[in-house]
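The values are calculated or read from the model by the stated rules, or taken from the named source; none is laboratory data. What you see is a predicted model, and the numbers here were worked out from it, not measured in a lab. Heads up, the Cβs are rebuilt from the backbone with ideal geometry, glycines too, and the neighbour counts pull from every protein chain shown.
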Amino acid sequence: MFGRADCAKWFSIAGVRGMRVVIAGGHGKIALKLESLLFAREDEPVGLIRNPAHATEVEAMGAQAVVCDLERADVSQVAEVLRGADAVVFAAGAGAGSGVERKYAVDRDGSILLAKACEQVGVRRFVQISSMGAGQPPQAGSNEVWSAYINAKTEAEDDLRSRGLNWTIVRPGRLTDDEGTGLVHLSQSPVSAAEVSRDDVAAVVAELLGVSATSGMTLELTGGDIPVREAVQRIAAG
């Protein structure tokens with residue numbers, strides 16, 4: 001039975017300080033990279049995980065690990081985890097091999113649950129990692145799982161836009177495990193489909209967290225030729 005104690009199980013790390021950032025999907029590839037970046041700049045990353053066995057890997061990135069399964073928790077349980085946070089990142093996803101039901105349960109419902117919990121405890125900064133292709137109907141001929149994934153991301157975005165949070169939505173292109181270049185293309189306008197490394201996605205999200213001028217923006221992200229910080233500053237400046 002999932003209970004409040006599971007969400008409140010903290011693995012303490014001494015000496016961290018700065019912005020407290022709670023990351024849903026804390027054991028995912030982008031999340032682990034993001035946790036490492038935040039810890040390196042003396043922020044306080046907190047990774048939400050559903051499997052306690054993943055705590056060691058999250059801690060190795062300098063983050064706290066909190067067992068909180070967004071598929072089974074309720075709003076009050078998640079809200080307790082978020083108390084004291086300065087920002088949240090939704091980096092969760094059902095992952096490869098999952099079916100239609102879990103695409104909606106994680107990629108859509110998990111984001112909605114996290115946003116509701118933010119509202120409940122007054123955490124306003126919310127960065128959502130979505131996907132290029134969201135916001136439009138799935139391409140003709142797409143299989144049902146891919147269609148469900150795109151629809152779930154679209155509905156999660158729509159829900160977030162309806163809330164009074166300081167949200168920024170990031171739509172990466174096709175993700176790779178290549179080493180990051182630190183050079184990206186970030187745009188409020190639709191861009192041609194292209195690849196982007198998970199390293200560079202994490203770097204962009206880390207930079208966006210502290211830039212409130214990007215609130216209310218939906219950003220498409222691919223590899224490019226502009227340094228991450230400069231790319232974010234350009235977007236923030238309009």
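In the range 169-216, the residue that is surrounded by the fewest Cβ atoms within 10 Å (Cβ to Cβ) out of those that are of a type in the set (Gly, Ala, Ser) and under 14 Å from residue 34 (Cα atoms) is 182.
Per-residue answers, yes or no, for (1) among the basic types (Lys, Arg); (2) more than 18 Å from the chain's Cα centre (by Cα); (3) under 20 Å from residue 42 (Cβ atoms); (4) assigned to a helix (DSSP H, G or I):
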| residue | (1), (2), (3), (4) |
| --- | --- |
| 179 | no, yes, no, no |
| 185 | no, yes, no, no |
| 189 | no, yes, no, no |
| 196 | no, no, no, no |
| 201 | no, no, no, yes |
| 206 | no, no, yes, yes |
| 219 | no, no, no, no |
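Just one residue in the set 76, 98 is farther than 18 Å from residue 161 by Cα and at pLDDT below 95; that residue is 98.
Could you grab me the full set of residues in the range 209-230 that are touching a helix residue (DSSP H, G or I) at 6+ places or on another chain (Cβ under 9 Å), closer than 24 Å to residue 22 by Cα and touching a residue at least 24 places away in the same chain (Cβ under 8 Å)? Answer for the range 209-230, where residues must be touching a helix residue (DSSP H, G or I) at 6+ places or on another chain (Cβ under 9 Å), closer than 24 Å to residue 22 by Cα and touching a residue at least 24 places away in the same chain (Cβ under 8 Å): 209, 211, 212, 213, 214, 216, 217, 218, 219, 221, 228. Given the criteria touching a Lys or Arg at 6+ places or on another chain (Cβ under 7 Å) and not hydroxyl-bearing (Ser, Thr, Tyr), does residue 152 qualify? When the stated conditions are applied, residue 152 passes them.
Would you tally the residues in the range 139-156 being buried (at least 21 other Cβ atoms within 10 Å of the Cβ) and within 17 Å of the chain's Cα centre (by Cα)?
First pass over the range 139-156, keeping only residues buried (at least 21 other Cβ atoms within 10 Å of the Cβ): 148-150, 152-153, 156.
So of that shortlist, the ones also within 17 Å of the chain's Cα centre (by Cα) come out as 149-150, 152-153, 156.
Matching residues across the range 139-156 total 5.
Within the range 158-172, does at least one residue satisfy the condition of being under 24 Å from residue 96 (Cβ atoms), over 18 Å from the mean Cα position of the chain (by Cα) and either of a type in the set (Lys, Arg) or outside any helix (DSSP H, G or I) (or both)? Looking through the range 158-172, none of the residues is under 24 Å from residue 96 (Cβ atoms), over 18 Å from the mean Cα position of the chain (by Cα) and either of a type in the set (Lys, Arg) or outside any helix (DSSP H, G or I) (or both).
Determine whether residue 136 is surrounded by fewer than 22 Cβ atoms within 10 Å (Cβ to Cβ) and part of a loop (DSSP other than H, G, I, E, B). It is true that residue 136 is surrounded by fewer than 22 Cβ atoms within 10 Å (Cβ to Cβ) and part of a loop (DSSP other than H, G, I, E, B). If the condition is being polar (S, T, N, Q) and exposed (fewer than 15 other Cβ atoms within 10 Å of the Cβ), then the range 157-168 contributes only 162. Of all residues in the range 203-238, those that are of a type in the set (Gly, Ala, Ser) and closer than 19 Å to residue 157 by Cα total 4.
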